[in-house]
Amino acid sequence: MGSGVSRRALPGFGLGLGYTVFYLSAIVLIPLAACVLKAASLSPAEFLAAAWSDRARAAYALSFTTALVAAAVNVALGLVVAWTLVRYDFPFKRLVDALVDVPLALPTAVAGLVYASLYAPNGWVGQYLDPLGIKVAYTESGIVLVLIFTGFPFVVRTVQPVLADLDAEVEEAAAVLGAGRWQAFRRVLLPTLIPPALTGFALAFARGLGEYGSVIFVSSNIPYKTEIAAVLIVSRLEEYSYAEAAAIAVVLLALSFVLLAVINLLERWTQRHGG
Amino acid sequence: MAADTLLPAGGGREPPGVLIEQGAHAPRPPGRGTDPWYVRAVLVGLTVLIVGGLVGLPLVAVFHHALANGLGAYWHNLTADPDTRHAIFLTLMVAPVAVGLNVAFGIAAAWVIARFRFPGRGVLVTLIDLPFSVSPVVAGLVFVLLFGLNAPAGEWLRAHGYQVLFAPPGLVLATAFVTFPFVARELIPVLEAIGPEEELAARSLGASGWELFWRITLPNIKWALLYGVILCNARAMGEFGAVYVVSGRIGGRTDTMPLRVEKLFQEYNTPAAFGLASVLTLLALVTLIAKVLIEPRLREKAPPSIGEP
C-alpha cells in the first residue's frame, strides 16, 4: 500500500474527494437508497406479501439452488483446469488458458442465445440428448448450464496463482519424508487449495444469484417452475408494481451483501494461508 | 449480483486481480515428471474437453450460425433492418458516455485514495466495489424507481422537458452503475505502487496541479487507464439486465445491441440474432486480445521511483 501524503503537499484533495463522493452518491448510493425507501413504504404485512409470497419463495429457491449447483460444479471443473494449466505442458495450452476468460468478456445475451440454440432439441448438442430423454433448454438444467458458463473463470483464476506459487520443495520434502502421493495431496495440497477454491465458489455463486441476461434465453421463465428471482422482479416491474419489485430486490440485495462479507473474509483467509 | 463480468485486475487488492493474473507464467511446472503419464493424459484431456465444450463450442456456434447463409445474408442481416442499425448506433453512443463518466470518476477516486489518508477512506474503497455485488436487474430497477411513474425526480424532470427513463439518459445511468468500479479499481493499486515521490518533487519545483497531472501522473498510469477503459467498455457494450429494465425496449428508439439480439431471438429471426451476436462476440475477443497485450506492460515497473524500498 502506498503512503499517504500530507494534504498540503499535493493538490487536488478537496476537488477529488468532492467529485468522488458526489458521483458515488449520484450513480450508486442515492439510487440504492431509493430502492430501500420504496420497499420501506410498504407496511410490514405488505412487504411480506410481496417479498415472501409463494411465487417469490419459489423464485428465490430456484435462484439459490441453480447458482449453488453451478458454483459447486465450477469448483470441480476449475480445480481440474487450474491444476492442468499450472502443472502440465501440452499443445495450444496458451489458447486454452486464454479461452478461460471468455465468459467474463462475452455479453450475457450472446451466451444465452448460443446455449439456447446448442441445447435445444434440434441443436448441435441437444439432438443427442433429446432421444435420451434429457431436456436442457427451457428447464432448470439449462439455467444451471449457463450459470456454469458465466461462473467458470472464477475458480480457475483464484486457484491458478496459488497452485503456481506452491513450493515444489514442500511436496518433495513430503515425499522424501515418506509421504505417499495421496498423503502428500491430502496433507499438503488440499489445505492450501481450499481457501482459494472457496473464494472462487463464493464469487461464482454470487454472480449466479443475480444473473439475468443469459438465463432468460435458456429458461422458459414459468412462475413457480423456471422463474428465477431476477425474472420475477422484471415481471413485477412490467405490471407497474414498483413497491413489490423493490421488496424482492431488497431481499436479493441483503443476500448479496452477506455474500460480499463472506467473500471478503475468505480473501483474508486465502492471503494468510497463501502468503 | 456479484463480482461481475470481466473482473478487472487490481494489483492484488482483491481476487479479481488474482483472476486475471494468468497462471501460465509459473516458473517451472513442478509436478512434471512426478505424475504418471496416464494421470497427465486424463487431466489434459479433461481440461481440453471442459474448456472446449463450455467455451470453444459456443464460440464456433455463434459464427457458424451467423454465417450459415453466406456473407451476403450476414451483411444484409446487420445493415438492412433499421432497428438493428439503430441498436448498433445506440450502443456506440451510450457506452462511450458511460465509460467517460467512469474514467473521470476513476481518476478522481484513485488520486484521493492512493495519495491521501483521511477518515472514511476504507469505507469509500468498499463502496466503490458495491455495484459488482448488485444484480444487473436491481441496478436497472433503482433508476426506474427514481425516474419512473410517480417518482418525484422523474416527475420534476418530465415537467421541465427531460425524459430519463425509456430514453438514452436512463441507458447511460444504468450502464454507468454496472461498470462503476472498473476504472477506479485498475488505477488505485497502480497509483499506490508508484508512490508520490515524483509528484512531490515536481510540486517542490513549482509545477501546478494540471502540469502535475498531465506531465507526471497521467503518463505513469496510462496503461492501467487503458486497461480499465477496455474492460469497462466491453461490459458497457454487452450489458443486458440493467438496460433491459430501464429501456422500455422501444424498437428503433431504446434497443441497444444486446437487447436487439433478444428481440430478434423472440421473433424467431435466429440468423439475424446470431449475426448481431457475432459482432458482440468479436468485440469480446478483441477485448481479450487487448487484455493479453496490455497485461505485461502493467507488470513492468512503471518509472524508476526514488527511494522505493
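The values are calculated or read from the model by the stated rules, or taken from the named source; none is laboratory data. All values derive from a computational prediction rather than experimental measurement. Methodologically, a virtual Cβ is constructed for each residue, glycine included, from the backbone with ideal geometry; neighbour enumeration extends over all protein chains shown. All accessible areas refer to the heavy atoms of the entire protein, side chains included, with ligands and DNA or RNA removed. Shrake-Rupley method; radii C 1.70, N 1.55, O 1.52, S 1.80 Å.
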Listed residues B:HIS64, B:HIS86 arranged by accessible area, highest first, probe 1.4 Å: B:HIS64, B:HIS86
Rounded to the nearest 0.05, what FRET efficiency is calculated for A:PHE257 and B:ASP35 with R0 set to 41 Å and r the Cβ-Cβ distance? 0.45
Seen from all sides and averaged, what is the projected area of the convex hull of the Cα atoms in the stretch B:55-301, in nm²? 16.8 nm²
Less than 19 Å apart at the alpha-carbon level, and either on another chain or at least 8 residues along: which aspartates and glutamates does that give for A:LYS38? A:GLU46, A:GLU238, A:GLU239, A:GLU244, B:GLU155
Given Cβ point charges of +1 (Lys, Arg) and -1 (Asp, Glu) and nothing else, what value in debye, to the nearest 20, does the dipole of the protein assembly as shown about its Cα centre take? 580 debye
Normalised by the residues of the stretch B:136-244, what does the relative contact order come to in percent, with Cα pairs under 8 Å and at least six apart? 40 percent
Applying a 10 Å radius around every beta-carbon, put A:147-153, B:40-46, B:112-118 in order of their mean neighbour count, most first. A:147-153, B:112-118, B:40-46
Give the Rg/Rh ratio for the stretch B:204-309, taking Rg as the radius of gyration of the Cα atoms and Rh as the Kirkwood radius, to two decimals. 1.21
Which lysines, on any chain, are close to B:LYS291 with Cα under 27 Å apart, when same-chain ones fewer than 8 places away are left out? A:LYS93, B:LYS222, B:LYS301
What does the average come to when, for each residue of peptide B:120-133, you count the partner chain Cβ atoms lying within 10 Å of its Cβ? 4
If you rank A:LYS93, A:LYS135 by how much accessible surface each has, with a 1.4 Å probe, what is the order from largest down? A:LYS135, A:LYS93
Note down the nm distance, to one decimal, between modelled labels 7 Å out along Cα→Cβ at B:LEU205 and at B:ASP83. 6.0 nm
In whole Å, largest first, the alpha carbons of the protein assembly as shown cover along the principal axes 74, 70, 57
Other protein chain Cβ atoms within 10 Å, averaged over every residue that makes up B:198-211: 2
Going from the alpha-carbon gyration tensor of the stretch B:77-131, what semi-axes, largest first and in whole Å, does one get by taking the root of 5 times each eigenvalue? 39, 11, 6
Please give the calculated 222 nm ellipticity per residue for chain B, where each DSSP H segment of at least 4 residues contributes -39500 (n - 2.57) and the sum is spread over every residue; nearest 500 deg cm²/dmol? -21500 deg cm²/dmol
Can you give me the accessible area per residue for the protein assembly as shown, using a 1.4 Å probe, in Å²? 41 Å²
Please report the relative contact order for chain B, taking Cα pairs under 8 Å with a sequence separation of at least 6, and give it as a percent rounded to a whole number. 29 percent
Stretch gain in nm, segment B:LEU282-B:GLU295, where the contour uses 0.36 nm per residue and the Cα spacing is subtracted: 2.7 nm
Tell me the mean residue ellipticity at 222 nm calculated for chain A from its helices only (DSSP H runs of n ≥ 4, each -39500 (n - 2.57), averaged over every residue, nearest 500). -23000 deg cm²/dmol
Range of Cα positions in the stretch A:1-141 per principal axis (Å), largest first: 70, 56, 24
Which order do B:MET93, B:MET237 take by accessible area at a 1.4 Å probe, largest first? B:MET93, B:MET237
10 Å Cβ neighbours from other chains, averaged over peptide A:116-125: 3
